[in-house]
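One structure is given below, encoded as structure tokens.
The values are calculated or read from the model by the stated rules, or taken from the named source; none is laboratory data. Since we're looking at a predicted model, the values are computed, not measured. In this analysis, Cβ positions are derived from the backbone assuming ideal geometry, glycine residues included, and neighbour counts consider all displayed protein chains. The protein model used for the area step is the full one, side chains on, heavy atoms only, and it has no ligands, DNA or RNA in it. Shrake-Rupley method; radii C 1.70, N 1.55, O 1.52, S 1.80 Å.
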Amino acid sequence: MNVILSTVCLIGSYGVGKSSLVTSYMYQTFKDNVESTIGMSFFTKLIKRDNYCIDLNIWDTAGQERYANLLSMYSRNANIILSMLDPTNPDDSYNYIKKNIVRILENRIKNPPYCIHIVVSKMDTQKNRENAENLAQKTHKFIKKTLKSLNNSFTNIHIFYTSSYNKINIEEPFVHCLERIYREKNEDFQENSKKTDKLLLYVSEPENKKSCYSCSYI
């Protein structure tokens, strides 16, 4: 069975919910009073499917401004970048992504990420839901404009609405697009795919989960 390495890097301002999302995904539980990340935290998870495996590395970066200069180093080999937004603090979280995603992408012109996932956290109340869509769409518009300015037609953008507390869409931001990464990294895929069924990444989603919606290729 082939094992493909894939890397996810979370970026976002302080308090946006990056560590809560990672710990909820890794341990299937919500932890109150998660300690602030200092510099970076690292996690790894092996995702097994019928005919392939993904060795998923997760880099959870600190959101304090003093660590922003380290983002390019932590994200330089990331296949998926999770750009997290907080609807309870929309201006600060948007401005952080707006400032730092440009720096990251400019340093990766020759090696762009496969995907940028816009992840809106804290979808726990009606008020947050009302703020979330405008915040996500404004961020999507900016990132799309940035990619266009860099002549990047390889990276695509997806939007996810999540709640670590209510366990809404916890898995999807991490595993979405892994099949694409597997296909493009695995040199033997085209030959092997003729002999196997189509790769399926997901089982049916529970009805109580809010569906994410995705933006197509740029």
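Its relative contact order, with pairs defined as Cα atoms under 8 Å and 6+ residues apart, puts the stretch 43-143 at 27 percent. Compactness of the stretch 90-161 was expressed as the Cα radius of gyration divided by 2.2 N^0.38 Å, which yields 1.15. Against the criterion of solvent-accessible heavy-atom surface with a 1.4 angstrom probe, ASP124, ASP50, ASP60, ASP92 sort, most first, into ASP50, ASP92, ASP124, ASP60.
In the stretch 55-189, the portion of solvent-accessible area held by carbon and sulfur atoms comes to 45 percent [1.4 Å probe, whole percent, DNA, RNA and ligands not counted]. Here the spin labels are modelled as points 7 Å beyond Cα on the Cα-Cβ line, and at ASP91 and LYS127 they lie 1.6 nm apart. Across the stretch 73-130, how large is the tail of the calculated P(r) beyond 19 Å, expressed as a percent of all Cα pairs? Value for the stretch 73-130: 36 percent of Cα pairs lie more than 19 Å apart.
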